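Here's the structure we're looking at; comments come further down.
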Amino acid sequence: MTRAIFGPIDQIGYLVDDLDQSIRRWIDRLGVGPWTVFRNVRMAGRYRGEAVTVTMDVGLAYQGDVQIELIQATNDARSPYRDAQGRPILGMHHVAWVVDDVDDAIARLTANGLRAVFDARNDATRVAYFDDEREPGVLFEVIQGAGMRDMIDHGIAAARAWDGTHPVTTIDAGA
């Protein structure tokens with residue numbers, strides 16, 4: 001039995017400078033796939049108290065029961081994907097949990113001493129990132145979206161059955 005307030009981690013996120021090349025490496029070097037790529041993802045919200053709109057391309061695959069997320073920021077907006085000088089951050093970025101109620105999760109995490117740094121949404125999902133000054137270099141994310149659990153279950157099943165063919169499916173989220 002886990003004591004984690006939201007259960008097992010659902011996702012590990014990485015920031016990359018070239019999504020297609022990173023996916024190719026994950027497939028060729030690690031055998032992870034298949035991947036679903038969402039192009040032209042747009043999220044509006046607040047980053048450290050300031051209104052922002054962030055655009056990105058996102059790749060999702062699964063290793064066991066954990067979703068691997070690769071994010072390539074595609075605009076220069078201030079966001080948790082850029083450092084204080086506006087340069088892209090690269091590498092391991094966050095761990096995340098899918099929750100039923102982001103507002104409840106925000107209240108629970110802030111009550112536990114974490115600081116909300118990013119809260120954003122689009123028509124499909126809402127996310128919130130948190131930092132903990134005593135855990136530098138990683139953010140903690142909660143995700144809420146209709147059908148999110150079903151999408152994850154489908155992705156886990158697809159990864160377990162994957163025979164190496166059809167390694168990437170692309171969806172234009174901006175369409």
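Looking at Val117, Val58, just one residue is closer than 26 Å to Gln21 by Cβ, in a strand (DSSP E or B) and touching an Asp or Glu at 6+ places or on another chain (Cβ under 9 Å), and that residue is Val58.
Are any of the residues in segment 69-81 aliphatic (A, V, I, L, M) and closer than 27 Å to Pro8 by Cβ? For segment 69-81, residues aliphatic (A, V, I, L, M) and closer than 27 Å to Pro8 by Cβ: present. When Asp163, Asp172 are checked against the criterion of being out of contact with any Cys (no Cβ under 9 Å at 6 or more places or on another chain), over 18 Å from Val37 (Cβ atoms) and of a type outside the set (Val, Ile, Thr), a single residue qualifies: Asp163. The residues in segment 31-51 that are open to solvent by 20 Å² or more (accessible area, probe 1.4 Å) and assigned to a loop (DSSP other than H, G, I, E, B) can be counted, and the count is 4.
Please indicate, with yes or no, whether at least one residue in segment 36-56 is more than 16 Å from the chain's Cα centre (by Cα) and under 16 Å from Trp162 (Cα atoms). No, because not a single residue in segment 36-56 is more than 16 Å from the chain's Cα centre (by Cα) and under 16 Å from Trp162 (Cα atoms). Note on segment 111-138: residues that are touching a strand residue (DSSP E or B) at 6+ places or on another chain (Cβ under 6 Å) and more than 26 Å from Gly174 (Cα to Cα) amount to 5. Summed over segment 48-73, the residues that are acidic (Asp, Glu) and more than 18 Å from Val168 (Cα to Cα) give a count of 2. For Asp123, the conditions (1) touching a residue at least 12 places away in the same chain (Cβ under 8 Å); (2) within 17 Å of Val41 (Cβ to Cβ); (3) part of a loop (DSSP other than H, G, I, E, B); (4) not β-branched (Val, Ile, Thr) all hold with the exception of (1). Consider segment 88-106 and keep the residues that are out of contact with any Phe, Trp or Tyr (no Cβ under 7 Å at 6 or more places or on another chain), among the hydrophobic types (A, V, I, L, M, F, W, C) and surrounded by fewer than 18 Cβ atoms within 10 Å (Cβ to Cβ). The one that is farthest from Arg121 (Cα to Cα) is Leu90. Restricting Gln85, Gln72 to those that are open to solvent by 30 Å² or more (accessible area, probe 1.4 Å), in a strand (DSSP E or B) and free of Cβ contacts under 8 Å to residues at least 60 places away in the same chain reduces the list to Gln72. Looking across segment 5-30 at every residue that is assigned to a loop (DSSP other than H, G, I, E, B), open to solvent by less than 50 Å² (accessible area, probe 1.4 Å) and not charged (D, E, K, R), the one that is farthest from Asp100 (Cα to Cα) is identified as Val16.
Within segment 139-159, how many residues are farther than 17 Å from Ala4 by Cα and either in contact (Cβ under 8 Å) with a residue 12 or more places away in the chain or part of a loop (DSSP other than H, G, I, E, B) (or both)?
The total comes to 11.
The values are calculated or read from the model by the stated rules, or taken from the named source; none is laboratory data. Keep in mind it's a predicted model, so treat the numbers as computed, not measured. A quick note on method: Cβ atoms are made from the backbone with ideal geometry, for glycine too, and the neighbour counts reach across all protein chains shown. Ligands, DNA and RNA are excluded from the accessible area calculation, which covers all protein heavy atoms including side chains. Shrake-Rupley method; radii C 1.70, N 1.55, O 1.52, S 1.80 Å.
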